[in-house]
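Participant: Structure incoming, see below.
The values are calculated or read from the model by the stated rules, or taken from the named source; none is laboratory data. The structure displayed is predicted, hence computed values, not measured ones. Because the Cβ atoms are built from the backbone with ideal geometry, glycine has one as well, and the counts that use them run over all protein chains shown.
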Amino acid sequence: MHIHGLIEDSATLANLCTRLAAKPYVVVDTEFMRENSYWPELCLIQIADDEEAAAIDPMAPGIDLTPLLDLLTENEEVLKVFHAGGQDIEIVYNLTGKTPHPLFDTQIAAMALGQGEQIGYSNLVDTYLGITIDKGARFTDWSRRPLDKRQIDYAIADVTHLSKIFPKMLEKLRKTGRGAWLDEEMERIADPENYHNDPDEAWQRVRISSRKAEVLGRLKALARWRELEAQGKDLPRGRIVKDETLADLASNPPKKQADLGRVRGLSAAWAGNDIGARLMAALADAVPMRSSELPARDDRKPPLGKDGALVADLLKLLLKIRAKEINVAARLLARSDELEALAAGQREKLPMLEGWRYEQFGRDALALVEGQLGFTVRGGKLKMTRTEDPA
């Protein structure tokens, strides 16, 4: 494989993208920093196919990333391959308002191949290529320039290794017939709505016990204010106000700005500074949350009860057995909250009762709940057996 030098100019990048646009797939990875900022700072982009690989410096003066971003978001003929690509996809979305498509995530594919719930990249490389990755540059400051050879070699290895692993995984998926299982998952992670950050919905990330419309209305206003402050200052949300402080302010709103100096989690300066004034203005503008926005009460869900909890435990046992039988990560078949909902009587809007999940697990899960499936021990091993219809 030909490894290019660090690409720092628009013409070289455009030529590379022209060649890659004719390939069936490209492998993509990024290096970024976000510990001290709201927006992830894109520091390096690595890309490869089966013949060439390069690292691109998005911080290079005057470089035009348009050909690369178009390749990722506009070219439907090229499959984009990531490993645990959520944050990489988020970065592309922040730059373009679009997500890479079509895409393939090797971490999710590994779940369908029975290689664990969330296999790490280094373990994936070791499993498929027998290579131990040098992690020495893992926690480097990617924003510093110039980047040295060790940093660039480390970064490019992420895509050169994955470009060899992807065809092997694809062949395994074809042999097992599980490629179709992943289509829904890949479309889900490619959905731009997953990466859209609406300040009016930021309150949903904050844990609060109250369901009072007035309290949640204040929380919504405060969370929106914090989101806009964090975006404008390019600081992590917690650097503005921590979640627990935000919840406390919503539950026990100060009557005047001077009271902010006594709020745990805020400095005394908030009693008289501009940011404190903006917080108080957000509180003053808060209105009770509309009933249509209020989160559903837990008691509106089907009650689980003691017997239901036992049924949920049996479903979890069934899930373990079935996942082991077909050699797939259990989390790809069903989540714990789905099992509890099924045990409590819910039958709609459960992914495990649809499509391939129903065929592989949901049908038996439903049969167990309805008394048509049981467990027996044969030869020291737990087995599932069909029972007579209880009706």
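Participant: Against the condition under 30 Å from LYS175 (Cβ atoms), without any contact (Cβ under 8 Å) to a residue 60 or more places away in the chain and surrounded by fewer than 20 Cβ atoms within 10 Å (Cβ to Cβ), how does LEU350 come out, does it pass?
Facilitator: no
Participant: Is there any pair linking a residue in the range 36-56 that is among the aromatic types (Phe, Trp, Tyr) to one that is surrounded by 17 or more Cβ atoms within 10 Å (Cβ to Cβ), with Cβ under 8 Å and at least six apart or on different chains, and which?
Facilitator: TYR38/ALA230; TYR38/ARG237
Participant: Being hydrophobic (A, V, I, L, M, F, W, C), part of a loop (DSSP other than H, G, I, E, B) and farther than 19 Å from ARG207 by Cβ is the filter here; which residues of the range 227-265 pass it?
Facilitator: Matches in the range 227-265: LEU235 only.
Participant: So is TRP181 farther than 23 Å from ARG34 by Cβ, in the same structural domain as PRO100 (by TED's automatic domain parsing) and crowded, with 17+ Cβ neighbours inside 10 Å or not?
Facilitator: Criteria met by TRP181.
Participant: Moving on to the next point. Among the residues of the range 7-36 satisfying the criterion of being under 22 Å from the mean Cα position of the chain (by Cα), surrounded by 16 or more Cβ atoms within 10 Å (Cβ to Cβ) and among the charged types (D, E, K, R), which is nearest to ALA54 (Cα to Cα)?
Facilitator: Checking each candidate, the answer is ASP29.
Participant: Here is a further query. Just to be sure, is ALA247 within 28 Å of GLU35 (Cα to Cα), crowded, with 16+ Cβ neighbours inside 10 Å and free of Cβ contacts under 8 Å to residues at least 40 places away in the same chain?
Facilitator: No.
Participant: Looking at (1) touching a residue at least 40 places away in the same chain (Cβ under 8 Å); (2) loosely packed, with under 15 Cβ neighbours inside 10 Å; (3) hydrophobic (A, V, I, L, M, F, W, C), which one does VAL206 not meet, given that it meets all the others?
Facilitator: (2)
Participant: Which one of LYS135, LYS175 is at pLDDT below 95, in the same structural domain as GLU31 (by TED's automatic domain parsing), closer than 25 Å to ARG34 by Cβ and loosely packed, with under 12 Cβ neighbours inside 10 Å?
Facilitator: LYS135
Participant: Among what's in the range 108-126 and is under 23 Å from LEU333 (Cα atoms) and of a type outside the set (A, V, I, L, M, F, W, C), pick the residue that is surrounded by the most Cβ atoms within 10 Å (Cβ to Cβ).
Facilitator: Filtering the range 108-126 for residues that are under 23 Å from LEU333 (Cα atoms) and of a type outside the set (A, V, I, L, M, F, W, C), the one surrounded by the most Cβ atoms within 10 Å (Cβ to Cβ) comes out as GLN115.
Participant: While we're here: For the range 53-104, give me the residue count where each residue is more than 24 Å from GLY179 (Cα to Cα), under 22 Å from the mean Cα position of the chain (by Cα) and of a type in the set (A, V, I, L, M, F, W, C).
Facilitator: Number of matching residues: 4.
Participant: Consider the range 153-162. How many of its residues are surrounded by fewer than 21 Cβ atoms within 10 Å (Cβ to Cβ) and touching a residue at least 60 places away in the same chain (Cβ under 8 Å)?
Facilitator: Matching residues across the range 153-162 total 1.
Participant: Among what's in the range 66-77 and is touching a Pro at 6+ places or on another chain (Cβ under 7 Å) and crowded, with 19+ Cβ neighbours inside 10 Å, pick the residue that is farthest from TYR128 (Cα to Cα).
Facilitator: Among those that are touching a Pro at 6+ places or on another chain (Cβ under 7 Å) and crowded, with 19+ Cβ neighbours inside 10 Å, it is THR73.
Participant: Hey, another quick one. So which residues in the range 84-107 are more than 13 Å from VAL27 (Cα to Cα) and buried (at least 23 other Cβ atoms within 10 Å of the Cβ)?
Facilitator: Residue satisfying the conditions is VAL92 alone.
Participant: Residues that are under 17 Å from PRO102 (Cβ atoms), at least 3 per element: which strands (runs of 3 or more DSSP E) completely within the range 1-81 meet that?
Facilitator: Of the strands (runs of 3 or more DSSP E) lying wholly inside the range 1-81, those with at least 3 residues that are under 17 Å from PRO102 (Cβ atoms) span 25-33.
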